[in-house]
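Participant: To start, I am sharing the structure in question, which I have written as structure tokens.
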Amino acid sequence: MSGYDANIECLPFIGFLDLRGGEAIRLACSECLSVTLPASANTLISVDDERVAYCISSDHWILQVADGSQQAALQSLEIAAGDVSHSFVDVSDLYARIRLSGTEARAVLAQGVSIDIHPRVFGVGATARTGFAKTTAQLHCVDETPTFIITVFSSYQQYALDWLQQAAGKT
């Protein structure tokens, strides 16, 4: 069985910080990290392959950082936040990333997501936290290949890989 034209691979471990607070915290974090935290849910700002800021809601962001830089970033953020109400937590162990790419990657992914991922609606640069294969994932459409980065809870990484392999007809 040849299956869909789709490639599935685990991506290396990377740091994740969970940032919560109001507009003052968003602005302080943006200045401190030299990364503008997006203000609208289901948007992202990508600085490079390692630094990506995902907006989950108007007061909640997930910041992807280079592994090993989490503690320094948290210390800087705590200083920048001052006395403003906030929560900053290293959640690196909570997440795992999977890359799904290939000309039929969208068809594979469509079998398990609860949102419309047609390119007119979910094109390059789009992101959303959504239901995925009976769990939850943060989806990010990286390019027109298409290539998707699927961020899942790390305890579901093997399940997500197995699900994708089956949906792609690779097993």
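Participant: If we scan region 10-17, do we find a residue that is closer than 15 Å to Thr127 by Cβ, hydrophobic (A, V, I, L, M, F, W, C) and surrounded by 19 or more Cβ atoms within 10 Å (Cβ to Cβ)? Quick ask: steps written out before the conclusion?
Facilitator: Residues of region 10-17 that are closer than 15 Å to Thr127 by Cβ, as a first pass: 16.
Checking the rest, the ones that are also hydrophobic (A, V, I, L, M, F, W, C) come to 16.
From the residues that got through so far, the ones that are surrounded by 19 or more Cβ atoms within 10 Å (Cβ to Cβ) too are 16.
The answer is yes; a qualifying residue exists.
Participant: Now a separate question. Looking only at residues that are within 16 Å of Leu63 (Cα to Cα) and either in contact (Cβ under 8 Å) with a residue 12 or more places away in the chain or assigned by TED's automatic domain parsing to the domain that holds Ala105 (or both) in region 24-33, which one is surrounded by the most Cβ atoms within 10 Å (Cβ to Cβ)?
Facilitator: My answer is Cys29.
Participant: Out of region 36-60, which residues are among the aliphatic types (A, V, I, L, M), in a loop (DSSP other than H, G, I, E, B) and crowded, with 19+ Cβ neighbours inside 10 Å?
Facilitator: The one that is among the aliphatic types (A, V, I, L, M), in a loop (DSSP other than H, G, I, E, B) and crowded, with 19+ Cβ neighbours inside 10 Å: Leu37.
Participant: Related question: Would you be able to say whether some residue in region 150-162 is without any contact (Cβ under 8 Å) to a residue 12 or more places away in the chain, touching a Ser or Thr at 6+ places or on another chain (Cβ under 9 Å) and farther than 29 Å from Arg20 by Cα?
Facilitator: Yes, region 150-162 contains a residue that is without any contact (Cβ under 8 Å) to a residue 12 or more places away in the chain, touching a Ser or Thr at 6+ places or on another chain (Cβ under 9 Å) and farther than 29 Å from Arg20 by Cα.
Participant: Still on this model: Anything in region 138-151 that is aliphatic (A, V, I, L, M) and either modelled with pLDDT under 95 or over 8 Å from the mean Cα position of the chain (by Cα) (or both)? List them, or say none.
Facilitator: Val142
Participant: Only residues that are assigned to a loop (DSSP other than H, G, I, E, B), among the aliphatic types (A, V, I, L, M) and under 18 Å from the mean Cα position of the chain (by Cα): list them for region 1-35, please.
Facilitator: Within region 1-35, Leu11, Ile14, Val35 qualify.
Here's the yes/no breakdown for (1) outside the structural domain of Ala73 (by TED's automatic domain parsing); (2) part of a strand (DSSP E or B); (3) among the basic types (Lys, Arg):
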| site | (1), (2), (3) |
| --- | --- |
| Arg106 | yes, no, yes |
| Asp116 | yes, no, no |
| Gly125 | yes, no, no |
| Thr130 | yes, yes, no |
| Gln138 | yes, yes, no |
| Val142 | yes, yes, no |
| Ile149 | yes, yes, no |
| Gln157 | yes, no, no |
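Participant: I would also like to ask the following. Could you look through region 96-135, keep only residues that are out of contact with any strand residue (DSSP E or B) (no Cβ under 9 Å at 6 or more places or on another chain) and among the β-branched types (Val, Ile, Thr), and pick out the one that is surrounded by the fewest Cβ atoms within 10 Å (Cβ to Cβ)?
Facilitator: Within region 96-135, the match that is surrounded by the fewest Cβ atoms within 10 Å (Cβ to Cβ) is Val121.
Participant: While we're on this one: For Ala72, are the conditions met, namely being outside any loop (DSSP other than H, G, I, E, B), small (Gly, Ala, Ser) and surrounded by fewer than 18 Cβ atoms within 10 Å (Cβ to Cβ)?
Facilitator: Answer is yes for this residue.
The values are calculated or read from the model by the stated rules, or taken from the named source; none is laboratory data. Only a predicted model underlies this, so the values are computations on that prediction, with no experimental measurement involved. Positions of Cβ are generated from backbone atoms using ideal geometry, with glycine treated the same way; all protein chains shown enter the neighbour counts.
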